[in-house]
Amino acid sequence: MAKLKLKAITDGKDKNRYCGPSVISALTDLTTGEAARLIRKQTGARRITGTHTSEVQRALRACNISMRFCYYPGLGIIPYNCGKLDRATGPTLAAWLRMSKADRTPGRVFLISAGRHWQLVSGRRYTCGRIREIVSIKDKRVKRRARVAEVYELTSDDVTKPDLDVSKPKDPNASDRAKAQRIAKKIGASIEIEGRNAGYDSAHYWTAPPEGLFATEEEDPHNGCHCYRYWDEVLSVMQDYEALIEGREKRVADR
């Protein structure tokens, strides 16, 4: 890759809307989902919402990006690991932008924590996980009154992808799920998904045969067992119903 530069935040199918993964995506070839997965793999966290300075720093380091703390005398900004942050009395983002004007030359990238929100500034260009595009620092959506807690300059002579595999894992149920849903639509059966993680093993799947396929519930070979935990079981039920319908249609055609 080229040297470090600010670019648009990239979202994949597993978008993460929070600011930590967003700023990582804006500096690398990672999507926000991949950036969040990198942090999860490094920390063991189950999900990524807010991020600590150390978590962002470690993720950037894995992409060969360094963070150097910037100190501005008189503004009271202190590094995360050197004492308590004072978000109530810290300088506003507008004040920092005025003070750093001479430092914000083209090509220099700054990571800022202001208003409990990570944001990036390079020259007069700005982006963050809330705006999600590169805009001017004068854009009305930039919260210039937010109090600054930390400022870091980011540098890299070669931004790379992390050694950890952060690609989205393949869904092992995708094929069975697609086949079951396709058959259900074709024959008029129904599949209802119950549970937070619909599509995965922790969900429950309720099946029902096509209306009118059986005169009584007792004729249904799956009567009394319409709740399943795995998509391969649901597929098997749909295939049974499809075979019954095809068998009846063949018998009618042979008459």
> Restricting attention to region 54-94, and to residues there that are among the aliphatic types (A, V, I, L, M) and in contact with a Pro (Cβ under 6 Å, 6 or more places away or on another chain), which single residue is modelled with the highest pLDDT?
Replying inline: A62
> Taking into account only those residues within region 1-50 that are of a type in the set (D, E) and at pLDDT 90 or above, which is surrounded by the most Cβ atoms within 10 Å (Cβ to Cβ)?
Replying inline: E34
> Hey, D232 hits all of (1) under 25 Å from the mean Cα position of the chain (by Cα); (2) in contact (Cβ under 8 Å) with a residue 40 or more places away in the chain but one; which does it fall short on?
Replying inline: (1)
> Taking I39, is it of a type in the set (A, V, I, L, M), part of a loop (DSSP other than H, G, I, E, B), out of contact with any Ser or Thr (no Cβ under 6 Å at 6 or more places or on another chain) and more than 17 Å from F110 (Cβ to Cβ)?
Replying inline: no
> How many of the residues in region 9-29 are within 11 Å of the chain's Cα centre (by Cα) and assigned to a loop (DSSP other than H, G, I, E, B)?
Replying inline: 9
> For the subset of region 165-198 comprising residues that are free of Cβ contacts under 8 Å to residues at least 12 places away in the same chain and among the aliphatic types (A, V, I, L, M), which member is nearest to A243 (Cα to Cα)?
Replying inline: A178
> Could you list, in sequence order, the residues of region 227-239 that are touching a strand residue (DSSP E or B) at 6+ places or on another chain (Cβ under 7 Å) and surrounded by fewer than 16 Cβ atoms within 10 Å (Cβ to Cβ)?
Replying inline: C227, R229
>> For region 122-148, which positions are at positive phi and free of Cβ contacts under 8 Å to residues at least 40 places away in the same chain?
In response: G123
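One line per residue, one yes/no per condition, for (1) surrounded by 12 or more Cβ atoms within 10 Å (Cβ to Cβ); (2) hydroxyl-bearing (S, T, Y); (3) more than 30 Å from D29 (Cβ to Cβ):
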| position | (1), (2), (3) |
| --- | --- |
| V142 | yes, no, no |
| R147 | yes, no, yes |
| T160 | yes, yes, no |
| D163 | no, no, no |
| N173 | yes, no, no |
>> Of everything in region 95-111, what is modelled with pLDDT under 95 and closer than 17 Å to A149 by Cβ? Give them in sequence order.
In response: A95, W96, L97, M99, S100
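The values are calculated or read from the model by the stated rules, or taken from the named source; none is laboratory data. Treat the numbers as computed from the prediction; the structure is a model and nothing was measured. Because the Cβ atoms are built from the backbone with ideal geometry, glycine has one as well, and the counts that use them run over all protein chains shown.
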